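The values are calculated or read from the model by the stated rules, or taken from the named source; none is laboratory data. These figures come from a predicted structure and were not determined experimentally. Here Cβ is always computed from backbone atoms with ideal geometry, including for glycine, and neighbour counts include all displayed protein chains. Accessible surface is based on the protein model in full, side chains and every heavy atom, while ligands, DNA and RNA are left aside. Shrake-Rupley method; radii C 1.70, N 1.55, O 1.52, S 1.80 Å.
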Amino acid sequence: MSRAALLVLADGRFPAGGHAHSGGAEPAVAEGRVHDADSLADFCRGRLHTAGLTAAALAAAAAHGLDPLALDAAADARTPSPALRATARRLGRQMMRAARATWPSPELDALAAARPRGAHQPVVLGLTARSAGLGPEDAAHCAAYETVSGPATAVVRLLSLDPYHATAVLARLAPETDRVAQAAAEAARRGIDALPAASAPLLDITAEAHAAWPVRLFAS
Amino acid sequence: MHLGHTHDGPAAVSADATRPDGTRRALRIGLGGPVGSGKTATVAALCRELRDRLSIAVVTNDIYTREDADFLLNNAVLPPERIQAVETGACPHTAIRDDISANLEAVEDLEDAVGPLDLILVESGGDNLTATFSKGLVDAQIFVIDVAGGDDIPRKGGPGVTTADLLVVNKTDLAPYVGSDLERMALDAEKQRGGLPVAFTSLTSAEGVGPVADWVRARLAAWTA
């Protein structure tokens, strides 16, 4: 594997649409649950072990070479909120565009043709990692890290939180992020039926409410 | 970004002049500029001026999602299916320059849904003087400033003022009331822009958006030539 390719894919500047999404942080800020660095850390930890673990396992499974369409269906089954399913597919379509420009492959072309409106983002992320010559652990790390880096970046904008404090939150979560990615990659090796289905009901509920806000800064 | 080969399925790259089915895509023109300079009003006026002869669609990049799209809808400049709002996560300049994926999807969806289109106007949310559009997203860009924002803006320069394919200085009717010197703005703009065109507009006057519309027609003629 190329460690540099992993950095390109994991870079927050990778142009795959993530910048417009808060990962549920915008409603959490509005409701006062996230108001400083400590509450941001709690939010990120919760998301990491639920939505993060599930996304990381899907990404690892796609990188491992499991059928992306079966994984897409598995992702649907693990995403009870229609708003979050729509978000995941929109981001998957955006990731696919960046992936086909950066690491083109017949497998990406096939998934793009089968899901022109977008497959679930973690599945596309995993397949992108595979096309870049990366392994399941790498894909899982990318997906797990994204679930915490997205909200942290969004909260810097939403609360004018000190960016050093937000980045320190991510640094302190790094060992946990490693463990979640490891567990996700191990599950992916046991096959599609072994993939975790952890979810965060409050994130699902607030995502539905947020999608109906008339005025918001982030798309999700 | 061209990779020198083609794929089946949806377009993988951004600036290709043809769509996956081989037809020529619409000319895409970006409109950027500071808050309140009249970007949305210029888009509305352009739509009114050009819609009888051209098939047009608009993509808006609001800071607060649908404000600009709703303005265009409420003023009925285009049918609703021809206007799409892109959400920008508090950073409109990111969505038009650094990560253009959501905007590319919006322009492709519009071509699929209401095409064939001649022209797609991509409006940025009101942003700072450094905001410019990626060449992967638009073929040409217009930067809209106004006389009330201060007549020193052309002199100060910045990527929008110096590099836009057309600089529009709007609200010239207000110049006497805000003490702005139009001649000085024109001289400064010429100095900063090395011969690139500048249009002075007053959307409330009889001439209105005319100079901008003429420029768009010329770009379109070059695009389809």
Starting from the 7 Å offset along Cα-to-Cβ, what nm value, one decimal, do you get for the label separation of A:Ala4 and A:Glu31? 4.5 nm
Accessible surface of B:Thr162 in the full protein assembly, 1.4 angstrom probe, to the nearest 10 Å²? 30 Å²
Please report the spacing between the Cα centers of segment A:98-145 and segment A:161-177 in Å, no decimals. 26 Å
When Cβ neighbours within 10 Å are restricted to other protein chains, what is their mean count per residue of peptide B:82-95? 4
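For peptide B:103-115, compute the average count of partner chain beta-carbon atoms within 10 Å of each residue's beta-carbon. Present the calculation step by step, with values, prior to reporting the outcome.
Numbers: counts 1, 4, 7, 0, 0, 2, 1, 0, 0, 1, 0, 0, 0.
That works out to 1 on average.
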In a Gaussian network model over chain A where Cα atoms closer than 10 Å are linked, find which of A:Glu146, A:Glu31, A:Glu186 has the largest mean-square fluctuation. A:Glu31
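R0 = 30 Å: FRET efficiency of B:Asp152 with B:Ala222, Cβ-based, nearest 0.05? Please list the in-between numbers first.
Numbers: r = 33 Å, r/R0 = 1.10.
With R0 = 30 Å, the Cβ-Cβ based efficiency is 0.35.
Using a probe of 1.4 angstrom, how much of the accessible area of chain B is carbon and sulfur, in percent? Don't jump to the answer; show the numbers that get you there.
Working: 4880 of 9520 Å².
Carbon plus sulfur share of accessible area: 51 percent.
Express in nm, to one decimal, how much length is gained between B:Asn128 and B:Ala113 on full extension, taking 0.36 nm for each residue of separation and deducting their alpha carbon distance. Numbers along the way, then the final one.
Details: separation 15, 0.36 × 15 = 5.40 nm, distance 3.24 nm.
Contour length minus Cα-Cα distance gives 2.2 nm.
If each DSSP helix of 4+ residues adds -39,500 (n - 2.57) and the sum is divided by the residues in the protein assembly as shown, what number results at 222 nm, nearest 500 deg cm²/dmol? Could the numbers behind the result be given before it?
Numbers: 19 runs with 224 residues, N = 445.
The helix contribution divided over the protein assembly as shown gives -15500 deg cm²/dmol.
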Go ahead and run the numbers for FRET between A:Glu186 and A:Val215, Cβ-Cβ distance against an R0 of 35 Å, rounding to 0.05. 0.20
Extension length gain for B:Val35 and B:Ser55 (0.36 nm per residue less Cα distance), in nm, is 4.4 nm
Please figure out what share of the DSSP beta bridges in segment B:27-224 is antiparallel and state it in percent, rounded to the nearest 5. 5 percent
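Evaluate the relative contact order of chain B (contact order divided by residue number), counting alpha-carbon pairs under 8 angstrom at least 6 apart; express in whole percent.
Taking the mean separation of contacting Cα pairs over the length of chain B, I get 23 percent.
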Please enumerate, by chain and number, the lysines with C-alpha under 17 Å from the C-alpha of B:Lys156, excluding those fewer than 8 residues away in the same chain. B:Lys191
Find the centroid of the Cα atoms in segment B:171-218 and in segment A:1-47, then give the distance between the two in whole Å. 43 Å
The protein assembly as shown accessible area per residue, 1.4 Å probe, protein heavy atoms, integer Å², reads 42 Å²
